[in-house]
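What follows is a short report on a single structure.
Here, each number is a calculation from the coordinates, and none is a lab measurement. Being a predicted model, the structure only gives us computed values, none of them experimental. Methodologically, a virtual Cβ is constructed for each residue, glycine included, from the backbone with ideal geometry; neighbour enumeration extends over all protein chains shown.
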Amino acid sequence: MIQTEVLLNMPDDMHLHLRDGNILNGVVGYSARNFGRAIIMPNLVPPISTSDAALDYRRRILNALDHKSTFQPLMTLYLTESTTSHEIEKAAASPFIKAVKLYPAGATTNSESGVRNIKKSYHLFRKMAELDLPLLVHGEVTDPDIDIFDREEVFIDRILEPLRREIPDLRIVMEHVTTKNGVDYVKNSKKNLFATLTTHHLMLNRNAMLVGGLRPHYYCLPILKREKHRAALRSAATSGDPRFFLGTDSAPHLTHTKESACGCAGVFSAVNSMGCLATVFEEENALSKLNKFTAENGANFYGLKVNKNKIRLIRKSKVAIFPDTISIGNETITVFDPGIPIYWHIDYMINE
Ligand code: DOR
Ligand code: ZN
């Protein structure tokens, strides 16, 4: 018999880009409707690299929300080569700041202020380990001689493994892991290594982006990989293993900046991630693990209580309709198209 209903604790999105200004105002409601909390990425221009900036940004996010919303933004600090120990201490002492984000310089959108020489940050990582402030890594090298499809695998060998050997007590999340190598590396680690997985990497492989025409709305970083990698990600997400949890990496860009000769990286999936994930878990015969992946594992990692509010997902015979785009003034942002019909509807919320 097919399961047509799933009751979940309100999910958390443990990797989210909300931007600022008009875009923030236009997108935040979609996350607030579907998620109880989210780990907010700090890659604004200029980057959110101090606790004061993170707390100001948090305030702007709260101001952009509907006044009835209970959505909680959990803030992160952008690691630069000028970050001080004092800033790390301030961040660790704040109840609103949950982690520090490492962008290798040049790896992705607004990463120019990121880290060039990782060794220069080791003293900060030691301090973070001492204060139990986790490090979130964009796990890709940027060396020009490394093929873009190999950036994650090489990052593990050259950057992550030496770092973990040197500072084993630092809790690390490999954000948006995209390869079987990444999944296996996390699974084989003894402690302190976790990973988030995105909606789009669970649904698509690189053919979706490249076969039959170039689809810029599927271009993201890390780039979509071949099918064997997607299969490994799906198996990790649906396994119930507490080390894997949801981070949608929903990353809004104005449509014209993606449909361009040099298009931006990012997939805006905040609108329909939950229906997409229910579809993935149903296909993998693992709906019973969806709560772990979306609501329990991430909360446990961050030392938070699982959300008490519930959402009910219902599989209907009619397809769930999502907008193709959302408006931002005279511009639009294109919504993630999973490429298959989604029958899972978020029916209602139960507040306790
Ligand atoms: O595709 C991506 N978009 N990957 C990232 O790492 C950053 C993000 C963004 O900020 O647009
Ligand atoms: Zn991201």
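Could you grab me the full set of residues in the range 58-90 that are within 23 Å of residue 24 (Cα to Cα) and over 18 Å from the mean Cα position of the chain (by Cα)?
Within the range 58-90, 59, 60, 62, 63, 64, 65, 66, 67, 68, 69, 70 qualify.
Conditions (1) of a type in the set (Val, Ile, Thr); (2) surrounded by 19 or more Cβ atoms within 10 Å (Cβ to Cβ), marked per residue:
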site: 240; (1), (2): no, no
site: 251; (1), (2): no, yes
site: 259; (1), (2): no, no
site: 263; (1), (2): no, no
site: 266; (1), (2): no, yes
site: 284; (1), (2): no, no
site: 294; (1), (2): yes, yes
site: 303; (1), (2): no, no
site: 328; (1), (2): yes, yes
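Name the residue that is nearest to the chain's Cα centre (by Cα), counting only residues in the range 161-206 that are surrounded by fewer than 22 Cβ atoms within 10 Å (Cβ to Cβ), hydrophobic (A, V, I, L, M, F, W, C) and in a helix (DSSP H, G or I).
The qualifying residue nearest to the chain's Cα centre (by Cα) is 186.
In the list 272, 307, which residue meets the criterion of being surrounded by 21 or more Cβ atoms within 10 Å (Cβ to Cβ), among the polar types (S, T, N, Q) and closer than 11 Å to residue 11 by Cα?
Step by step, each of 272, 307 is checked, and only 307 is surrounded by 21 or more Cβ atoms within 10 Å (Cβ to Cβ), among the polar types (S, T, N, Q) and closer than 11 Å to residue 11 by Cα.
I need every pair where a residue in the range 231-244 that is touching a residue at least 24 places away in the same chain (Cβ under 8 Å) has its Cβ under 6 Å from the Cβ of a residue that is among the charged types (D, E, K, R), sequence separation at least 6 or different chains.
So the pair list comes out as 232/180; 234/284; 238/284; 238/289; 240/289; 240/292.
Determine which member of the set 289, 318, 308 is closer than 15 Å to residue 7 by Cα and assigned to a loop (DSSP other than H, G, I, E, B).
Exactly one of 289, 318, 308 is closer than 15 Å to residue 7 by Cα and assigned to a loop (DSSP other than H, G, I, E, B), namely 308.
If you go through the range 114-123 one residue at a time, do you hit one that is touching a residue at least 12 places away in the same chain (Cβ under 8 Å), closer than 17 Å to residue 190 by Cβ, part of a helix (DSSP H, G or I) and out of contact with any strand residue (DSSP E or B) (no Cβ under 8 Å at 6 or more places or on another chain)?
No: zero hits.
For the range 216-227: of the residues being without any contact (Cβ under 8 Å) to a residue 60 or more places away in the chain and either crowded, with 16+ Cβ neighbours inside 10 Å or at positive phi (or both), which is nearest to ligand 2 (Cβ to nearest atom)?
Only one residue fits best here, namely 220.
Please determine, by comparing only the residues of the range 11-26 that are buried (at least 23 other Cβ atoms within 10 Å of the Cβ) and more than 14 Å from ligand 2 (Cβ to nearest atom), which one is farthest from residue 75 (Cα to Cα).
The extreme case among them is 11.
What's the total number of residues in the range 47-65 that are outside any helix (DSSP H, G or I) and more than 16 Å from ligand 1 (Cβ to nearest atom)?
The qualifying residues number 2.
From 28, 6, which residue is over 23 Å from residue 151 (Cα atoms), of a type outside the set (Lys, Arg) and outside any helix (DSSP H, G or I)?
6
Within the range 36-46, track down each residue that is within 11 Å of ligand 1 (Cβ to nearest atom) and in contact with a Ser or Thr (Cβ under 7 Å, 6 or more places away or on another chain).
41, 42, 43, listed by residue number.
Quick one: is residue 107 within 15 Å of ligand 2 (Cβ to nearest atom) and crowded, with 23+ Cβ neighbours inside 10 Å?
No: the conditions fail for residue 107.
Going through the range 244-255 one residue at a time, which ones are out of contact with any Leu (no Cβ under 7 Å at 6 or more places or on another chain) and either polar (S, T, N, Q) or away from ligand 1 (no atom under 16 Å from the Cβ) (or both)?
Within the range 244-255, 245, 255 meet the criteria.
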